[in-house]
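What follows is calculated from the coordinates using simple rules that are stated; it is not laboratory data. All values reported here derive from a predicted model rather than from experimental measurement. As a convention, Cβ positions derive from the backbone with ideal geometry for all residues, glycine included, and neighbour counts pool all protein chains shown.
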Ligand code: AMP
């Protein structure tokens with residue numbers, strides 16, 4: 001299966017993509033995670049991308065297309081993939097169409113008001129990648145999965161969140177029309193609990 005997850009930042013793409021990719025036995029490919037790993041490893045790709053990410057802007061297309069093409073060369077991607085956070089604009093989508101034939105694009109739809117609430121309370125584990133929310137942590141500051149101290153992503157501060165949302169509306173949302181035109185779009189409400197969103201996504205993918 002070759003799948004793309006679309007949706008605003010904080011829609012739950014990462015959480016859903018990790019679980020669904022495991023169920024479908026395809027790699028979960030998150031360009032955001034790859035860039036953050038690259039920053040942590042002090043590789044030049046990451047260090048060059050960091051200023052864009054911290055400002056809530058898109059990293060230049062040639063950088064993204066480079067890491068995506070390289071990732072798709074790996075053995076595990078031969079059986080399919082689940083992209084999370086890629087493509088992010090029409091150019092990337094058209095490039096992807098040029099070398100891969102997708103089976104489905106799932107749009108996880110969440111209103112802006114929920115996004116701002118979600119991202120401002122989001123806490124991430126730098127060790128195991130778990131993503132939590134202050135509302136469910138009951139004051140805990142360590143990862144419920146591995147015990148590491150949770151962090152707030154630099155780009156989850158309110159000003160950058162607003163910028164990321166506006167980039168989403170201007171550049172990523174047009175992909176809904178693009179993939180609708182290709183007959184690939186499936187829309188799921190992301191404004192429900194995690195298990196229900198997952199159930200709805202799996203149901204959509206079942207009919208692919
Ligand atoms: P994410 O974790 O998907 O929210 O991505 C975090 C940040 O990484 C974004 O705000 C962008 O700065 C950058 N990024 C991730 N994926 C892409 C992409 N496909 N195109 C451009 N920038 C990206």
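Return, ordered by residue number, the residues of segment 1-29 whose backbone nitrogen is under 13 Å from a label point located 7 Å along Cα→Cβ of residue 182. Those under the cut-off are 2-6.
Residues considered: 84, 54, 156. Largest GNM mean-square fluctuation over the chain, using C-alpha springs under 10 Å, is found at 54. For segment 105-148, the square roots a ≥ b ≥ c of the C-alpha gyration tensor eigenvalues yield an a/c of 1.5 or more together with a/b not exceeding b/c, which makes the shape oblate. Considering only DSSP beta bridges with both partners in the chain, what is the antiparallel share in %, to the nearest 5? Among the beta bridges of the chain, antiparallel pairing accounts for roughly 25 percent.
Treating each Cα of segment 83-164 as an identical point scatterer and summing with the Debye formula, the log10 of I(q)/I(0) at q = 0.15 Å⁻¹ comes to -0.73. A simple spin-label model places pseudo-atoms 7 Å from Cα toward Cβ; at residue 134 and residue 173 they are separated by 2.7 nm.
Of the peptides 101-108, 75-82, the ranking by mean beta-carbon count within 10 Å, highest at the top, reads 101-108, 75-82. Which of 118, 173, 153 moves most in a GNM of the chain, Cα contacts under 10 Å? In this elastic network of the chain, the residue with the biggest mean-square fluctuation among 118, 173, 153 is 153. Diffusion coefficient of the chain by Stokes-Einstein, Kirkwood radius over Cα pairs, 4 °C, 1.567 mPa s: 74 µm²/s.
Helical runs (DSSP H, four residues minimum) scored at -39500 (n - 2.57) apiece and divided by the length of the chain put the mean residue ellipticity at 222 nm at -14000 deg cm²/dmol. In angstrom, the C-alpha Rg and Dmax of segment 168-208 are 11.9, 31. The modelled label-to-label distance for the pair residue 195/residue 146, using points 7 Å beyond Cα in the direction of Cβ, is 2.6 nm. Between 41, 17, 93, the residue with the greatest mean-square fluctuation in the GNM of the chain (Cα pairs under 10 Å linked by springs) is 41. The slack in the chain from residue 120 to residue 40, taken as 0.36 nm per residue of separation less the alpha-carbon distance, amounts to 26.6 nm.
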